[in-house]
1. Within 10 Å of each Cβ of A:40-48, how many other protein chain Cβ atoms are there on average?
2. Please compute the net charge surrounding B:GLN89, taking Lys and Arg as +1 and Asp and Glu as -1 over other residues with Cβ under 13 Å from its Cβ.
3. Give me the one-decimal nm value for the distance between modelled label points at B:ARG16 and B:ALA91, 7 Å along each residue's Cα-to-Cβ direction.
4. Which ³J(HN,Hα) values in Hz, rounded to whole numbers, follow from the phi angles of segment B:8-20 under the Karplus curve 6.51 cos²θ - 1.76 cosθ + 1.60, where θ = phi - 60° and Gly and Pro get x?
5. Which order, highest average first, do A:55-67, A:138-150, B:88-100 follow once you tally other Cβ atoms within 10 Å for each residue and take the mean per peptide?
6. Sorted by accessible area (1.4 Å probe), largest first, how do B:MET72, A:MET43 line up?
7. Can you give the average number of partner chain beta-carbon atoms within 10 Å of each beta-carbon in peptide A:58-71, as a whole number?
8. Could you rank A:TYR74, A:TYR132 by how accessible they are, 1.4 Å probe, largest area first?
Amino acid sequence: MSLLASRNELSEFLAGVERRAYKQAMFAVRNAENALDIVQDSMLKLAEKYGAKPIVELPMLFQRILQNTIRDFYRRQKVRSLWVTLFSALSPGREEESDPLETLESADASNTKDGPADRLEQYQVIELIDQYLERLPQRQRQAFLLRYWEEFDVAETAAIMGCSAGSVKTHCSRAAHALAEALRAKGVEL
Amino acid sequence: MNEQQIAYRIKQCLNRGLELDAGKLVRLKAAREQALARQRVESRIPVLAWAGNIIGKSGGPSALVPRVLLPMAVLILGLIAINHWRDSQLAAEIEEIDAAVLTGDLPLDAYLDKGFDAWLKHSSY
């Protein structure tokens, strides 16, 4: 028998997921205020529309809402200013087809000699990973974070993203290898 | 290193990087509390939920009397009246038959005679 989420259970769930949700939004929109707004909107939507759902359904519902809220943010941004859209289409991070880490990799290749992993502080590695995640194509980042950070299985990730399981596997594989390559180019061995 | 191993290491780094400054934590806490204040809670008793739904949809308890209760009362009274009328009709028919049987020329024993019954059926063809 499935149990409906009580106030305390919903509170615990939101407290457990809010930081990762903020980071996910931050990777996507690259602005702390906008990321906080996205997390707040997602929390409100979850509580208002699905506050009476069983607890076990909340993680998937919340992720779906979060991803949709991020997508809605992109849409609003496009409507607000056309030039931003044109700029973002040319800049890395929003481009679906090309992998910006490939260009990043070649640019950073010269730095590998004087950037050994053992001299980097832990926070620097984290900073690097954050930066590279921001630069990943949106769908790759989304699939990677849902699959490996939020620990959804392939089918659940596909349901949240609204794509096939095959696409999720492809996105995850590309994202993981692109991140590993980019870090390696900086002298960071995972 | 395969995909799973890469993902695992990156996940570890991401989890270590979850420390946020106090301002952001305060904002997230406020967002959480706002969401909890608006949590939708459904009644776990279906009957009460249904009643609440009817009351809510009809515009509150004051609107419930003319919209729901009055038509229901009329319907119930109508059904009682129809039932009473049918009973009285049936009683009248039975009375009529009894009167005809008792006042008829045929003796009552004739109706208990199987042979008479068979003759009636045969003669009706």
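1. Working: counts 7, 2, 2, 8, 8, 2, 4, 9, 4.
If you average over the peptide's residues, the count of other-chain Cβ atoms is 5.
2. Values: positive: B:ARG86; negative: B:ASP87, B:GLU93, B:GLU95, B:GLU96.
Cβ neighbours under 13 Å give a net charge of -3.
3. 9.4
4. 5, 5, 5, 4, 4, 5, 4, 5, 6, x, 8, 6, 10
5. Details: A:55-67: 18.8, A:138-150: 22.8, B:88-100: 9.9.
Sorting A:55-67, A:138-150, B:88-100 by mean packing, highest first, produces A:138-150, A:55-67, B:88-100.
6. Values: B:MET72 100, A:MET43 0 Å².
Order by accessible area, largest first: B:MET72, A:MET43.
7. Values: counts 0, 0, 0, 0, 0, 0, 0, 0, 0, 0, 0, 0, 0, 0.
If you average over the peptide's residues, the count of other-chain Cβ atoms is 0.
8. Numbers: A:TYR74 20, A:TYR132 0 Å².
In descending accessible area the options line up as A:TYR74, A:TYR132.
The values are calculated or read from the model by the stated rules, or taken from the named source; none is laboratory data. Quick caveat, the model's predicted, so the values are computed rather than measured. Heads up, the Cβs are rebuilt from the backbone with ideal geometry, glycines too, and the neighbour counts pull from every protein chain shown. Areas reflect the complete protein model, heavy atoms only, side chains present, ligands, DNA and RNA absent. Shrake-Rupley method; radii C 1.70, N 1.55, O 1.52, S 1.80 Å.
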